[in-house]
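To start, the structure under review is shown below, and the notes come after it.
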Amino acid sequence: MSGTPTPVRDAPSGGIRQIFRIKSPDALLLESTESDQDGPHLKRSMGLFSLTLFSVGSIIGTGIFIVLGVAVPMAGPAVIFSFILAAIACMFSALSYAELAGTIPISGSSYSYTYATLGEVVAWIVGWCLMLEYGLAISATAVGWAQYLNAFLVDGFGVALPLWMSNGPMEGGLINLPAIVVIVLCGVFLIRGTSESAKVNSAMVLLKIGILIFFCVIAFSSFSAGNFKPLLPLGMVGISAAAGQIFFSFIGFDGVSTAGEEAKNPKRNLPIAIIASLVIVTAVYVLVAVAAIGAQPWQTFEGQGSEAVLATIAQNVTGSAWAPVIIALGAVISIFSVVLVTMYGHTRILFAMGRDGLLPKVFTRVSPRTQTPVFNTLIVIGITGLLAGLIPLANLAEATSIGTLTAFIVVNIGVIVLRRTRPDLPRGFKVPWGPVLPIMGILMNLYIMRYLRAETWVIFLIWMALGLVIYFTYSFKRARLRYHPDEIGRHGKAT
């Protein structure tokens, strides 16, 4: 076929072993450096502060603004322990991400980690999962942003967007224009440069944390310790059930690992950013939960699952409309930053897969001026914008969770495998207690996956089947390792 390189003579010739070929971590690290003149690379421009806020920005979205309406009726005042339990559950996987991000700081995140530990076909499956996760997350989050923007305009200015431009054709409108706009805006920031995108994200993260603290100040002005009695009205069962709902409000810390090639001192800064962001978010969430329950008896949260609970509490406490408008603005800002970080992660994973030959090379074209993958970003804008503008993604949103949980499981396995196969690699951070915590992370994610809906599993399996067809008909034949066998890893020693 024209344009397809010729395999070198001593390349692996096929068979089941070839699809499990492992890419040497040394080769992965070389590709991410400016000294590699044979392939594209990205500019290192993000420091520890930007990386930490990048991770915080990807975690704090709409979840904290609405999840209390679902979680508090399940656990009562003990929901504060549910937040801590959910954070611990996420921390198992976060520690594994921290170790691999500090060991192999490259753009592909869990896809690249898998390529260096479990082999090419498993890496492709993980990358394909991430495409589903990130692509749908961008589109679904953009649709949510449009809804919150409309609510903000109604509450603050008494103006509602016309139906034709705020809903897709399947919801009685013509096109969801605000959802497309937010995707295009985020794409423009990313195309202009990683440094500028990080600055925009940092400003939005600080602002939305400020708005959450603003809510706490309002709520504490009406604080009643009596609302915490009894502390555990529904026991440990209630705490565990609420933690399962809250868990997804912590997802997003993995997004910062996609910045491995654009981070300054990544072996040190990436692990710190991942762990620090989870600690910061947990502290903010617990503070918000304490303030909310102190301001409103936990029994009154029943039935508020689909409402903006924080805005409702703020209105009840102040008796005015201005406070909930500010809270609604916080939700709009939160969602915007989540779209920005998620789109960033999506483009960097596609970049890594394209560089490995598993996707077309168009995904690796880097602008010489901005040092960003412009064509890659434009493709993501086009596809996700089309989905967000025309299709209601509420029924598909859960599919993003199954992709995330699958990646979490594989990363935990990858830590265990890489410890055995490449103990010589320098690690900026090591998960404590050997394989115990990664195994707990695997079990925790499997436990959560068993409660996903049957429809979600059907979508996931269909997507996986399509991905395997593409791998064996396209990616397998064009993989970089097929033509560069010197980059294939060997267990227990460097190549």
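Read the figures in this text as sums done on the coordinates, not as results from a lab. Predicted model only: the values in this text are computed from it and were never measured. Don't worry about glycine lacking a Cβ; one is built from the backbone with ideal geometry, like all the others, and counts go over all protein chains shown.
Size of the dipole of the stretch 45-487 about the Cα centre, Lys and Arg at +1 and Asp and Glu at -1 on the beta carbon, nothing else charged, in debye to 20?
Value, rounded to 20: 1100 debye.
Contour minus end-to-end for Arg450 and Trp433, with contour as 0.36 nm per residue of separation and end-to-end as the Cα-Cα distance?
So the extension gain works out to 3.4 nm.
Can you give the local net charge around Lys361? Use residues other than it whose beta-carbon is closer than 12 angstrom to its beta-carbon, Lys and Arg +1, Asp and Glu -1.
Every neighbour counted, the sum reads +3.
Quote to one decimal, in nm, the extra length available between Lys43 and Leu378 on full extension: 0.36 nm per residue of separation minus the C-alpha distance between them.
Between Lys43 and Leu378, full extension yields 118.7 nm more.
Quick check: pseudo-label points 7 Å beyond the Cα along Cα→Cβ at Trp164 and Ile470, how many nm apart are they?
Going from the Trp164 label point to the Ile470 one covers 3.5 nm.
Modelling each spin label as a point 7 Å along the Cα-to-Cβ direction, I'd like the Ile326/Asp26 distance in nm, to one decimal.
5.8
What number results when the radius of gyration of the stretch 45-487, computed over Cα atoms, is divided by 2.2 N^0.38 Å?
Output field value: 0.96.
Which order results if Ile326, Ile60 are arranged by neighbouring Cβ count within 10 Å, fewest first?
Ile326, Ile60
Using the 10 angstrom Cβ neighbour count as an exposure proxy, how do Met236, Met46 rank, fewest first?
Neighbour counts put them in this order, fewest first: Met236, Met46.
If we count other beta carbons within 10 Å of each Cβ, what is the order of Cys186, Cys90, Cys129, fewest first?
Cys129, Cys90, Cys186
Pop out the ³J(HN,Hα) list for the stretch 250-263 in order, Karplus 6.51 cos²θ - 1.76 cosθ + 1.60 with θ = phi - 60°, rounded to Hz; leave Gly and Pro as x.
Whole-Hz 3J(HN,Hα) from phi for the stretch 250-263: 9, 5, x, 5, 5, x, 5, 5, 6, 8, x, 8, 10, 9.
Take Ser221 and Glu196, extend 7 Å from each Cα along the Cα→Cβ direction, and tell me the distance between the two endpoints in nm.
4.0
Going by a ≥ b ≥ c, the root eigenvalues of the Cα gyration tensor, does the stretch 53-206 fall in the rounded group (a/c under 1.5), the prolate group (a/b larger than b/c) or the oblate group?
Since a/c reaches 1.5 but b/c is at least a/b, the shape of the stretch 53-206 is classed as oblate.
Pick out, from Leu378, Phe220, Ala160, the residue whose Cα sits farthest towards the positive end of the charge dipole of the chain, with +1 on the Cβ of Lys and Arg and -1 on the Cβ of Asp and Glu.
Checked the options; the winner is Leu378.
Would you please classify the overall shape of the stretch 202-291 from the alpha carbon gyration tensor, given that a ≥ b ≥ c denote the square roots of the eigenvalues, rounded means a/c under 1.5, and beyond that prolate means a/b larger than b/c while oblate covers the rest?
oblate
Can you find, among Val410, Ala479, Ile459, the residue farthest towards the positive end of the dipole of the stretch 410-495? Put +1 on the C-beta of Lys and Arg, -1 on that of Asp and Glu.
Toward the positive end, the furthest listed residue is Ala479.
For helix 194-220, report the angle its Cα long axis makes with the longest principal axis of the Cα atoms of the chain; keep it between 0 and 90° and round to the nearest 10°.
Helix 194-220 and the main axis of the chain meet at about 30 degrees.
Considering only the other residues whose Cβ falls under 14 Å of the Cβ of Val122, what net charge follows from Lys and Arg at +1 and Asp and Glu at -1?
+1
Helix-only estimate, please: 222 nm mean residue ellipticity of the chain, summing -39500 (n - 2.57) across DSSP H runs of length 4 or more and dividing by its residues, to the nearest 500.
Computed mean residue ellipticity for the chain: -21000 deg cm²/dmol.
Going by the alpha-carbon gyration tensor, a ≥ b ≥ c the square roots of its eigenvalues, is the stretch 56-131 rounded (a/c under 1.5) or, if a/c is not under 1.5, prolate (a/b greater than b/c) versus oblate?
Note, shape of the stretch 56-131 comes out prolate.
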